[in-house]
Amino acid sequence: IKPQQHIQSVAIDARVDGSLTVRPYLSDGSEAAQVSMYVEELDGTRVSDIVTAPAGEDLRTQISGITPWNQEQPYLYRVVTELKKDGRLLHRVSEKAGFRTVEFRPADGFYLNGERITFKGVNRHCFWPERGRTLSRQISLADAVLITSMNMNAVRMAHYPPDKDFLEIFDSIGLLVINELCGWQKKYDTSTARRLVKSMVERDRNHPSILLWANGNEGGWNTDVDDDYLVYDLKQRVVM
């Protein structure tokens, strides 16, 4: 249950240099409200000032002394966003975030926080013999531990976005993700693809473990929606 005026979602871009941009998406009727944001450790210790802006504007700050998110040390913070009107708190949301910067350099490769990385990974389906597609956090953790035990550092979500549990676990242990739009043997029509891209990116965009979006797979892809990912993804990840 949410109040009538509320924060529908937030998009977070947290960079390795400590710069942070938060874009709040608000419900109708929230134009007269104010939005504020601050960052804290997972234990609740605040590490930033409170930044405030009128509804509809991005919130920006620069935080010194942050610990970057990377494969060896997947350090996470909590970004708290609040909607207020006349000094009264209407709604508060919080999202975990990792400060990291990803670059793709043509004819060279991918860089995480300025260091070149090599993907050594596996495809993974959301499936378990005794449970079918009804998974649990325990099963997701078992898969993640198995992947790391084989010296792998990445997973391609074949062929659809995974359970939220799986992405949260990857955020916390430093595995890298290629998150993929579902596709079965042929491409989606453009209106359907647009709806599904929006749904996937809005749900998953704040996970630091996701380094790439895959627009479909070898069975089918619709290039008409390649640019749609960038509309919803403040991090502007590469789309393949």
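The values are calculated or read from the model by the stated rules, or taken from the named source; none is laboratory data. This one's a predicted model, so the numbers in the text were calculated from it and none came from an experiment. Virtual Cβ from ideal backbone geometry, glycine too; neighbours counted across all protein chains shown. Ligands, DNA and RNA are stripped out before the accessible areas are found, and what is left, the full protein with its side chains, is counted by its heavy atoms. Shrake-Rupley method; radii C 1.70, N 1.55, O 1.52, S 1.80 Å.
Remarks
- Rg in Å to one decimal, and Dmax rounded to a whole Å, for the stretch 63-162 via C-alpha atoms: 18.4, 55
- For the pair ARG92 and SER199, a Förster radius of 30 Å applied to the C-beta separation gives a FRET efficiency near 0.80, rounded to the nearest 0.05.
- Surrounding net charge for GLY220, when Lys and Arg each add one and Asp and Glu each subtract one, Cβ distance under 13 Å: -2
- Histogrammed with a bin width of 5 Å, the alpha carbon distances of the stretch 1-84 distribute as 3, 14, 25, 22, 16, 11, 6, 2, 0 percent, first bin at zero.
- Inter-part distance where the stretch 109-129 and the stretch 1-58 are each reduced to a Cα centre, Å: 29
- Residue-span extension gain [ARG131 to ASP17] - 0.36 nm each, minus C-alpha spacing: 36.7 nm
- Solvent-accessible area per residue, Å², over the stretch 78-142 with all protein chains present [probe radius 1.4 Å]: 62
- Accessible-area composition of the chain, carbon plus sulfur, in percent [1.4 Å probe]: 49
- Charge tally in the Cβ shell below 14 Å around ARG23, where Lys, Arg are +1 and Asp, Glu are -1, ARG23 excluded: -3
- Cα centroid separation - the stretch 182-240 against the stretch 68-103, whole Å: 23
- Protection proxy ranking for 32-45, 14-27, using the average of other Cβ atoms within 10 Å per residue and placing the highest first: 14-27, 32-45.
- Panel note: the C-alpha atoms of the stretch 105-180, placed on their principal axes, show extents of 43, 22, 20 Å (largest first).
- According to the calculation over all Cα-Cα pairs in the stretch 137-240, the P(r) per 10 Å bin from zero is 16, 48, 28, 8, 0 %.
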